[in-house]
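Below is one structure; the comments refer to it alone.
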Amino acid sequence: MNMSKLGRTIAAAAAFTLVGLSAHADDLADIKAAGQISVGIFSDFPPFSSASADMSLKGYDVDVAQSIADSLGVKLNLVSVTGQNRIAYLNDKRVDILMSVGFSKERAEVIDFAAAYAPYYIAVIGPAAVSIKGKDDLADKTIAVNRGTLEDTSLTAAAPASATIQRFENYNSVIQAFISGQTELMVVGNDVGAQVLARQDALKPEQKFQLLTSPSHIALRKGEEGLKSTVNDVVAKMISEGKLDASSKAWLKTPLNPENLKD
């Protein structure tokens, strides 16, 4: 091969490499260039996100998504997703990030996770007048739970033999059994529990203790370290400035406990 031909070959290879690199643009740069960030969110998942009176989405997840958009100086575009399609939406670049994603080793093989930002836990809830500090105090108590759920298995494993577990077919029935006095306690996730804590002033329900903790993360595509660092910085700032605590009090009806953001 003569030097002229060798030079053309090297130049062609370099050009091909540059094209390949440009094909994988940085998501953070793309978001800033587009002037908006598309965030995959459950549209009917109160108190994390649900339609308000003006039909716009409001909730804990929306507060965090808006803070991320504000930090980047871009518009927030909320995209409704489902549990079945959201991973595909992310990897097909129909959204830039996903809210409310629980960490698992299986998911970590196909997507990446930013820091945990939202508490999700299963809690025992009861009236303020009833003293319950741990699983031993469940002895001789009647407890409502949704049949066949993670709440059910967690409660079954923790409850003493003398506890009476009443299993119902849906959350509405669990809540009704509790607020009507059919059961003394109920075991639900903090998303369901927040709705009861907000509405039952006479009963004065409160969270007694937690059976299981599995915080929610913000998910993004693999290899996007710039975007991941930015999201982590936003969450850390919201914690340090008390904004995440304020959102927790507003939407989850309880102060934010940083321990609940640990996997």
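Miscellaneous remarks
- Count - residues of the stretch 205-263 that are open to solvent by less than 20 Å² (accessible area, probe 1.4 Å), among the polar types (S, T, N, Q) and under 15 Å from ALA123 (Cα atoms): 1
- Members of the stretch 126-138 found to be open to solvent by less than 70 Å² (accessible area, probe 1.4 Å), assigned to a loop (DSSP other than H, G, I, E, B) and more than 19 Å from ILE179 (Cβ to Cβ), listed by number: GLY134
- Some residue of the stretch 131-138 being of a type in the set (Asp, Glu), within 25 Å of LYS262 (Cβ to Cβ) and at pLDDT below 95: no
- Among the residues examined, ASP70 does not qualify as modelled with pLDDT of 90 or more, outside any loop (DSSP other than H, G, I, E, B), acidic (Asp, Glu) and under 19 Å from LYS222 (Cα atoms).
- The residue of the stretch 139-159 that is modelled with the highest pLDDT, among those that are closer than 15 Å to LEU211 by Cβ and open to solvent by 40 Å² or more (accessible area, probe 1.4 Å), is LYS141.
- Listed by first and then second residue, the pairs with beta-carbon distance under 7 Å, at least 6 apart or on different chains, first residue in the stretch 173-184 and within 18 Å of ALA129 (Cα to Cα) and aliphatic (A, V, I, L, M), second modelled with pLDDT under 95 and part of a loop (DSSP other than H, G, I, E, B), are ILE179/GLN200; ILE179/LEU203.
- Options VAL64, VAL95; residue that is at pLDDT 95 or above, open to solvent by less than 20 Å² (accessible area, probe 1.4 Å), part of a helix (DSSP H, G or I) and assigned by the TED database to the domain that holds LEU220: VAL64
- Residue list for the stretch 45-56, restricted to those being at pLDDT below 90 and loosely packed, with under 10 Cβ neighbours inside 10 Å: ALA53, ASP54, MET55
- Cross-chain or 6+ apart pairs with Cβ under 7 Å, the stretch 107-121 first and over 10 Å from SER216 (Cβ atoms) and assigned to a strand (DSSP E or B), then at pLDDT 95 or above and open to solvent by 30 Å² or more (accessible area, probe 1.4 Å): ASP112/LYS222; ASP112/LYS228; ALA114/LYS228; ALA114/ASN232; ALA115/ASN232
- Here LYS32 does not fit the description of being free of Cβ contacts under 8 Å to residues at least 24 places away in the same chain, among the basic types (Lys, Arg) and either at positive phi or open to solvent by 10 Å² or more (accessible area, probe 1.4 Å) (or both).
The values are calculated or read from the model by the stated rules, or taken from the named source; none is laboratory data. Being a predicted model, the structure only gives us computed values, none of them experimental. Quick reminder, even Gly has a Cβ in these numbers, built from the backbone with ideal geometry, and neighbours come from all protein chains shown. Side chains included, ligands, DNA and RNA excluded: accessible areas come from the protein's heavy atoms. Shrake-Rupley method; radii C 1.70, N 1.55, O 1.52, S 1.80 Å.
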